[in-house]
There are 2 protein chains.
Amino acid sequence: MVVYLIGAGPGDPDLITLKAVKILKKADVVIYDRLANEEILAYATDAELIYVGKKAGEHYKSQDEINQILLEQGKKHNVVVRLKGGDPFVFGRGGEEMLALINEGINVEFIPGVTSAIGVPTSVGLPVTHRGVATSFTIVTGHEDPTKKEKQVKWDYTADTIIILMGVGRLKDNVKEIMKYRDSETPVCVIENGTLPNERVVISNLGDITKKKINTPALVIIGNVVKVYKKALK
Amino acid sequence: MVVYLIGAGPGDPDLITLKAVKILKKADVVIYDRLANEEILAYATDAELIYVGKKAGEHYKSQDEINQILLEQGKKHNVVVRLKGGDPFVFGRGGEEMLALINEGINVEFIPGVTSAIGVPTSVGLPVTHRGVATSFTIVTGHEDPTKKEKQVKWDYTADTIIILMGVGRLKDNVKEIMKYRDSETPVCVIENGTLPNERVVISNLGDITKKKINTPALVIIGNVVKVYKKALK
């Protein structure tokens, strides 16, 4: 009996791994949320599907409730899949689910996925590293837990490129903070709905990006690598 | 006529994406180097295989020579694959190859892969982010171009987790630099040959890690997320 924490990739259903598909095909139950592309569920031909994401007007399951469902299912079935968008450990609360399961003696295995943070810029031709331009990049959540007393995200990151996941909701506040450390001319690229048919790319800079209309979900890439991408567009 | 820059994933041949396999199957030619798992080449049933990596005692192809091969092949064939380990744009010099091709008017497309930097820690159960522990992580090369006059890698990264790719060769020098900014007790995890049968995990801290015997290739993960992993091991 194993619970598999599986990354479904950034959106395009073909950006899932072979390993993930093989496990989905033999799954007894798949526990998923809104971030996973629903087309991927078609591989789980023999599985019960349990949705734990948010639906309009409905109760949103807390992390404790999700952990409880994982424990119940993990004790009942041979192959339980917990499917998450991107990679299960990049801001997916996969670590908490892992610990909850391990504390109850349930076997857990981990199938990495293509994280949106890298997969989305790569798919449009925006290299997050580039010789002479960027030898480091920082991936950070734009949506830090607002109940936190002491903020852990401080925006003084010194890496050449900054990539913000869930970057839209608090973009204005976050950009204001980042401009304490980076010039307003620093190039910015925002990619809405990356790797999906309705993908949209916006190029701007730190000083102007908050004047643009941006829809969620979107990824924000900050740094001179955006210039490399612009060169590729010409 | 298209050249596809494709990420082959971190090592385990099942950690390649469906999209990559689909394109390999129709490839006329595959240009690859030592980082790609050779089992993956079996998907390219109809392709000529061109190896551009290093072999003992043989001439190592320069980036200019590789670009030249890509241009020649890109002008000759319908489906050219440039296969790279991990993701093509994470320290893979994919950006340079992209620009060389685009400058000659050749169509290029990009298929992201699971980068070792995230896929390797995820696959062992080490979450690179974790609620209350890490809301950001920096990915950096341990092997900065030694001919560079001004070092771009400065090691003063403020993200909660630091992940070093190609981290073995200069580990001693790099750890010395990192200890200017982080305590010697900071947990470190080194993963050799991640996702492969000969994978090996070493847990230590900044003060002691350089006393351990570590073989290349290995990934280095620095920060309190290593404590979460240790908790999962118990």
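The values are calculated or read from the model by the stated rules, or taken from the named source; none is laboratory data. Since the model is a prediction, treat every value here as computed from it, not as a measurement. Counting neighbours? That spans all protein chains shown, and the Cβs are built from the backbone with ideal geometry, glycine included. SASA here: full protein model, heavy atoms, side chains in, ligands and nucleic acids out. Shrake-Rupley method; radii C 1.70, N 1.55, O 1.52, S 1.80 Å.
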Phi to ³J(HN,Hα) by Karplus 6.51 cos²θ - 1.76 cosθ + 1.60 over segment A:223-233, Hz, x for Gly, Pro: x, 5, 4, 5, 5, 4, 4, 4, 4, 5, 6
Using the Cα gyration tensor of chain B, the equivalent ellipsoid's semi-axes, largest first and to the nearest Å, work out to 34, 19, 16
For segment A:2-111, with +1 on Lys and Arg beta carbons and -1 on Asp and Glu, the positive-most of A:N107, A:Q68, A:G53 along the dipole: A:N107
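Quick one: ranking B:H77, B:H143 by accessible area, 1.4 Å probe, largest first, what do you get? Could the numbers behind the result be given before it?
Values: B:H77 45, B:H143 95 Å².
Largest accessible area first, the residues go B:H143, B:H77.
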For segment B:116-233 the mean separation of alpha carbon contacts under 8 Å (6+ apart) over residue count, i.e. relative contact order in percent, is 31 percent
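From other protein chains only, count the Cβ atoms within 10 Å of every residue's Cβ in A:6-12, then give the mean. Mind dumping the intermediate values first?
Working: counts 0, 4, 0, 5, 1, 0, 5.
Whole-number average of other-chain Cβ neighbours for A:6-12 is 2.
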Share of segment B:2-111's accessible area from carbon and sulfur, percent, 1.4 Å? 44 percent
So what does A:D28 come to for accessible area, using a 1.4 Å probe and Å² rounded to 10? 60 Å²
Can you list the copy-to-copy distances for A:L49, using a point 7 angstrom from Cα toward Cβ, in nanometres, shortest first? 3.9
Suppose we take every Cα in segment B:65-202 and form the convex hull; what volume per residue is that in Å³? 159 Å³
What are the residues of segment A:60-100 that lose 10 Å² or more of accessible area, with a 1.4 Å probe, going from their chain alone to all protein chains? A:D87, A:F89, A:V90, A:F91, A:R93, A:G95, A:E96, A:M98, A:L99
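State whether segment B:143-220 is rounded, prolate or oblate according to the following rule on the C-alpha gyration tensor (a ≥ b ≥ c being the square roots of its eigenvalues): a/c under 1.5 gives rounded; otherwise a/b larger than b/c gives prolate, and the remaining case gives oblate.
Values: a/c = 1.90, a/b = 1.28, b/c = 1.49.
Oblate, since a/c reaches 1.5 and b/c is not below a/b.
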Alpha carbon centroid spacing (whole Å) that separates segment B:117-145 from segment A:64-116: 18 Å
Regression test value, accessible area per residue of chain A, probe 1.4 Å, units Å², expected 43 Å²
Which net charge results for the neighbourhood of B:Y157, defined as the other residues with beta-carbon distances under 13 angstrom from its beta-carbon, given Lys and Arg at +1 and Asp and Glu at -1? -1
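Give me the accessible area buried between chains A and B, both sides summed, with a 1.4 Å probe, in Å² rounded to the nearest 100. Let's see the in-between values first.
Values: alone 12640 and 12610 Å², together 20260 Å².
In total, chains A and B hide about 5000 Å² from solvent.
Summing -39500 (n - 2.57) over the DSSP H runs of n ≥ 4 in chain B and dividing by its residue number, what mean residue ellipticity at 222 nm do you reach, to the nearest 500 deg cm²/dmol?
Numbers: 6 runs with 58 residues, N = 234.
-7000 deg cm²/dmol, from helical runs alone.
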To one decimal in nm, how far is B:N107 from the same spot in the other copies, if labels go 7 Å from Cα toward Cβ? Please give the shortest first. 4.6
Set of lysines with alpha-carbon distance to B:K234 below 28 Å, sequence-local pairs under 8 removed: A:K19, A:K75, A:K76, A:K84, B:K211, B:K212, B:K213
Quick one: in chain B, whose Cβ comes closest to the B/A rotation axis, and how close in angstrom? B:T138, 2
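Using a/c under 1.5 as the rounded threshold, could you call the protein assembly as shown rounded, prolate or oblate? The axes a ≥ b ≥ c are square roots of the C-alpha gyration tensor eigenvalues, and prolate needs a/b larger than b/c, oblate otherwise.
The shape class here is rounded.
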Compute from the Cα atoms of segment B:2-111 the Rg and the Dmax, the latter being the longest Cα-Cα distance, and quote both in angstrom. 12.7, 36
